[in-house]
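The values are calculated or read from the model by the stated rules, or taken from the named source; none is laboratory data. Not measured: the values here are computed from a predicted model. Cβ placement follows ideal geometry from the backbone for every residue including glycine, while neighbour counts extend to all protein chains displayed.
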Amino acid sequence: MRNVFIFHGTEGYPRENWFPWLKEQLESRNCKVFVPQFPSPPGEPASIAEWFKVLKDYEQYIDANTILIGHSLGGVFILRLLEKFQHPVKAAVLVGTPIGVRPILNYGRDSSFSGFNFNWPAIKIKAENFIVYHSDNDPYVSLGNGEKLAKELGVDLTFVPNAGHFNAKAGYTQFPDLLEKLQDIIDL
């Protein structure tokens with residue numbers, strides 16, 4: 001059994017977007033899936049310290065076979081986790097993740113979460129596989145973020161035209177392409 005985490009973004013919650021669908025799909029493939037609720041008050045910056053506190057309850061489920069999936073600010077959280085981890089994880093998936101390339105609609109709020117200076121050498125060695133998704137019409141996080149993120153991680157950008165922010169508003173209540181990529185990793 002492989003453990004998988006799905007981290008929501010700003011003002012997000014576990015039952016939004018494609019998260020419930022992906023959870024169900026992965027559980028049917030013998031994965032244990034966690035979708036924690038992090039504090040993210042509307043209109044206010046999320047606190048990374050509070051997110052780390054929430055994750056303490058799940059630390060025993062994160063090991064070298066774990067897959068981490070982050071949407072938007074959840075992707076930033078994954079990058080911060082990888083900087084801190086003493087061991088690598090199986091995979092890190094970053095979907096519509098802001099890393100400081102403007103325009104970012106909520107730049108100040110996202111920046112106050114953890115800043116946008118990342119220790120790329122430390123991050124790169126903390127996951128066996130990286131997958132980066134981004135679109136050209138994301139109203140919150142510009143494409144330059146996905147391009148730079150993929151470059152820093154040394155992977156190809158999975159570019160999906162007209163996918164918006166990969167959320168329900170953009171029609172993303174399912175994410176078959178991601179499931180297909182995850183299946184390849186689960187089978188390893």
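When region 138-176 is examined, which residues are found to be of a type outside the set (K, R), over 23 Å from K124 (Cα atoms) and outside any loop (DSSP other than H, G, I, E, B)?
A168, A170, P176
For region 150-174, which positions are in contact (Cβ under 8 Å) with a residue 60 or more places away in the chain and either surrounded by 15 or more Cβ atoms within 10 Å (Cβ to Cβ) or more than 21 Å from V76 (Cα to Cα) (or both)?
Residues satisfying the conditions are H165, F166, N167, Y172, T173, Q174.
Applying the selection to region 130-188, what residues are charged (D, E, K, R), touching a Phe, Trp or Tyr at 6+ places or on another chain (Cβ under 8 Å) and under 20 Å from G115 (Cβ atoms)?
E152
If you scan region 115-133, which residues turn out to be in a helix (DSSP H, G or I) and crowded, with 20+ Cβ neighbours inside 10 Å?
Within region 115-133, just I123 meets the criteria.
State the number of residues belonging to region 3-26 that are over 15 Å from V93 (Cα atoms), surrounded by 13 or more Cβ atoms within 10 Å (Cβ to Cβ) and charged (D, E, K, R).
Count: 2.
Find all pairs meeting these conditions: Cβ atoms under 6 angstrom apart; at least six residues apart or on different chains; first residue within region 47-67 and surrounded by 12 or more Cβ atoms within 10 Å (Cβ to Cβ); second residue in a helix (DSSP H, G or I).
Sorted first by the residue in region 47-67, then by its partner, the pairs are I48/F113; I48/S114; W51/F77.
Restricting attention to region 17-41, which residues are within 24 Å of S112 (Cα to Cα) and not aromatic (F, W, Y)? Give the steps one after another, and end with the answer.
Filtering region 17-41 down to residues within 24 Å of S112 (Cα to Cα) leaves 35-41.
Matches in region 17-41: V35, P36, Q37, P39, S40, P41.
Out of all the residues in region 1-51, which are over 17 Å from the mean Cα position of the chain (by Cα) and of a type in the set (S, T, N, Q)?
Within region 1-51, Q25, S28, N30 meet the criteria.
Filter region 76-92 for residues that are touching a Phe, Trp or Tyr at 6+ places or on another chain (Cβ under 8 Å) and surrounded by fewer than 17 Cβ atoms within 10 Å (Cβ to Cβ) and give the result.
Hit for region 76-92 is E83, nothing else.
What number of residues within region 76-107 are modelled with pLDDT of 95 or more and closer than 21 Å to H165 by Cβ?
20
Within region 27-46, track down each residue that is surrounded by 12 or more Cβ atoms within 10 Å (Cβ to Cβ) and at pLDDT below 95.
Those that are surrounded by 12 or more Cβ atoms within 10 Å (Cβ to Cβ) and at pLDDT below 95: S40, E44, P45, A46.
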